Amino acid sequence: MPTLKDREVGIFFWAEPDALSTIRTVKSCGVVSGQLGVDGSVRLTPETAAAWKAALAAEDFHLFTVFAAYEGESYADIPTVERTVGFIPRDVRAAREMRTREVIDFAAALGVKSFGCHVGCIPHDTSHPDYQPVLDLVRRIADYAASFGMTFCLETGQEPAAQLLAFFDAAARPNLRINFDPANMILYGSGEPIEAFRLLRRHVVSVHGKDGDWPDPAQPGSLGTERLLGEGSVNIPTFVAALHETGYTGPICVESGVHGEEQRWQTLSRAVTLLDSLR
Ligand code: MG
């Protein structure tokens, strides 16, 4: 395992078919660690796990988290997110729970200690018919992750911090934690991110380096716009200062959707350099 510093800067990246070349490309941006996203189309076989395990060892690369995304999810706008993302859509809930267990098995085979995903837009109203089934599902996944000594991280943004805190209290699972994404708080209009971070801090085990601007109030249901790191409304230097102040020592993983395929790695490299200068 590489030597990791407090507030180690890593990169969030998606699993491509060639594990070794993917990790080499990520490392070329100046990092030795990150988080791996596994989308719903990735076939998870023992061979897949073996290839990733060998590539991580060969490149001395550390994975903090394995994230799952699911087939059929769309982030087009807030109503579409509500309808398609995570464990909220009833018709695919059972299938996504099974897939989640497969991704956790994959993470365990790699020796990764944290699993994460977007659970979707948890209903505000606890008497909503989807609230209790989703809460129970989250508990089952947390318990399954715990059986491998893993945390289960919820990604922030789709609800205000106070509502997420109430959900944590209801779930009552010590390994249920938070991957805090400051940009998502803004993109979904869920609240001022630094204030939200302070409120959720005790549950946070990992953080995304991402930036964005608020949704256009003239277009209800629209999402905000992602920006290059440091150029959006998060106020990245103040956010990193808040990480310091609150004693946060976990990773900061750059997650950037602002790229065409060509500029993607350049964008990530620049974001890593910025965070390295602040961390
Ligand atoms: Mg994120």
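The values are calculated or read from the model by the stated rules, or taken from the named source; none is laboratory data. This one's a predicted model, so the numbers in the text were calculated from it and none came from an experiment. Every residue, glycine as well, gets a Cβ built from its backbone with ideal geometry; the counts of neighbours run over all protein chains shown. The protein model used for the area step is the full one, side chains on, heavy atoms only, and it has no ligands, DNA or RNA in it. Shrake-Rupley method; radii C 1.70, N 1.55, O 1.52, S 1.80 Å.
Numerical summary
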{"read-out": "Largest to smallest principal axis extent of the C-alpha atoms in the stretch 9-278, angstrom", "value": "50, 40, 35"}
{"read-out": "For the chain, share of DSSP beta bridges that run antiparallel, in % to the nearest 5", "value": "10 percent"}
{"read-out": "Loop-located trypsin sites (Lys or Arg not before Pro) in the stretch 3-39 whose Cβ has at most 15 other Cβ within 10 Å (DSSP)", "value": "Lys5"}
{"read-out": "Computed [θ] at 222 nm, helices only, for the chain once each DSSP H run of length n ≥ 4 contributes -39500 (n - 2.57)", "value": "-12500 deg cm²/dmol"}
{"read-out": "Accessible surface of the stretch 9-278 [probe 1.4 Å, protein heavy atoms]: carbon and sulfur percent", "value": "53 percent"}
{"read-out": "Overall form of the stretch 21-90 per C-alpha gyration tensor (a/c, 1.5; a/b vs b/c)", "value": "prolate"}
{"read-out": "Solvent-accessible area of Ile78 with every protein chain in place, 1.4 Å probe, in Å² to the nearest 10", "value": "40 Å²"}
{"read-out": "Over the chain, relative contact order from alpha-carbon pairs under 8 Å, at least 6 apart, %", "value": "18 percent"}
{"read-out": "Heavy-atom accessible area order for His118, His124, largest first, 1.4 Å probe", "value": "His124, His118"}
{"read-out": "5 angstrom amide H check on Asp181, placed H, neighbours 5+ away", "value": "Thr156, His208"}
{"read-out": "Rounded accessible area of Val92 (nearest 10 Å², 1.4 Å probe)", "value": "40 Å²"}
